[in-house]
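See structure below.
The values are calculated or read from the model by the stated rules, or taken from the named source; none is laboratory data. In this text, all values refer to a predicted model and were calculated from it rather than measured experimentally. Note that we place each Cβ from the backbone using ideal geometry, even for glycine, and neighbour counts take in every protein chain shown.
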């Protein structure tokens, strides 16, 4: 009996010590001398696409965009309700603002226009103006596609820019008489000389080997000229007229014509060529470049 009582006392003391050693779950960790752990949720509610947190910064002005007539601008001047508002760029390239009257902004980037208005306001109206400009509505912007395309005319830009390949596709693609060259003309900026036209090989453009760095903007002109041609006659399999690619040699011209016929020879080749307004008969070598309107004459070989 005494032994059972002794064992019961030992077990009770052990259980009591274990219970005392356990931390009180209802007390905060800091009260137990431990560093509190950050709360981690067991799951996260997915955020809708495009949603931003409250601390997200507003997007920066459209980089590289140039203001033009008929654009609608949203101008925010901090703590200046009279100046903050919507402004339409008139056909003369100016906007009308309180205090400043007419302000020329066409041809400026958004950052340049912000700096200009800030400077004008600081010059005598506001000590430390905070100005922000955004495009509230773009005017209808077009690229003119001319020449040998199926539907020449104005192509409306879906945004502020367009790729060259997109413009050609929207113009109905080049016709059978189109040159393999595409010419892009950018209009000059105010006070600057006109930039040189850009010439791009259409086949390289379609294969993605060229033209990726050409971005079309409002007012650009894309011209697909009529193909320059040459003629080949005599002892080839397919004599006739062919589109002239820049750099085509006499040897390549023979290949385009299907090669020599059974009686043809690549010796003693001559060409009718216009020189100074007169057609002359000249000998040519296989590696010579073909010129526009050349007539290459392939002779028969001697038996």
Inset, instruction - Name the single residue, out of those in region 267-290 being surrounded by 15 or more Cβ atoms within 10 Å (Cβ to Cβ) and part of a loop (DSSP other than H, G, I, E, B), that is nearest to the chain's Cα centre (by Cα). - result: 290
Inset, instruction - Sort out which residues of region 226-249 are at pLDDT below 95, surrounded by 15 or more Cβ atoms within 10 Å (Cβ to Cβ) and outside any strand (DSSP E or B), and write them in order of number. - result: 227, 228, 244, 245, 248
Legend entry - Given (1) over 30 Å from residue 66 (Cα atoms); (2) free of Cβ contacts under 8 Å to residues at least 12 places away in the same chain, index of the condition residue 193 fails: (1)
Inset, instruction - Scan region 253-286 for residues that are closer than 27 Å to residue 176 by Cβ and in contact with a helix residue (DSSP H, G or I) (Cβ under 7 Å, 6 or more places away or on another chain) and report the count. - result: 1
Inset, instruction - Just give me the residues in region 223-252 being in contact with a helix residue (DSSP H, G or I) (Cβ under 7 Å, 6 or more places away or on another chain) and in contact (Cβ under 8 Å) with a residue 40 or more places away in the chain, in sequence order. - result: 230, 232, 236
Inset, instruction - Considering each of 210, 176, 140, 194 in turn, give the residue that is surrounded by 13 or more Cβ atoms within 10 Å (Cβ to Cβ) and either farther than 30 Å from residue 97 by Cα or modelled with pLDDT under 85 (or both). - result: 210
Inset, instruction - Say whether the condition of being modelled with pLDDT of 50 or more, part of a loop (DSSP other than H, G, I, E, B) and more than 30 Å from residue 188 (Cβ to Cβ) is met by at least one residue in region 70-78. - result: yes
Legend entry - Breaking point among (1) outside any strand (DSSP E or B); (2) surrounded by fewer than 16 Cβ atoms within 10 Å (Cβ to Cβ); (3) touching a residue at least 24 places away in the same chain (Cβ under 8 Å), for residue 255: (3)
Legend entry - So residue 121, is it at pLDDT 50 or above, under 36 Å from the mean Cα position of the chain (by Cα), over 22 Å from residue 141 (Cα atoms) and in a loop (DSSP other than H, G, I, E, B): no
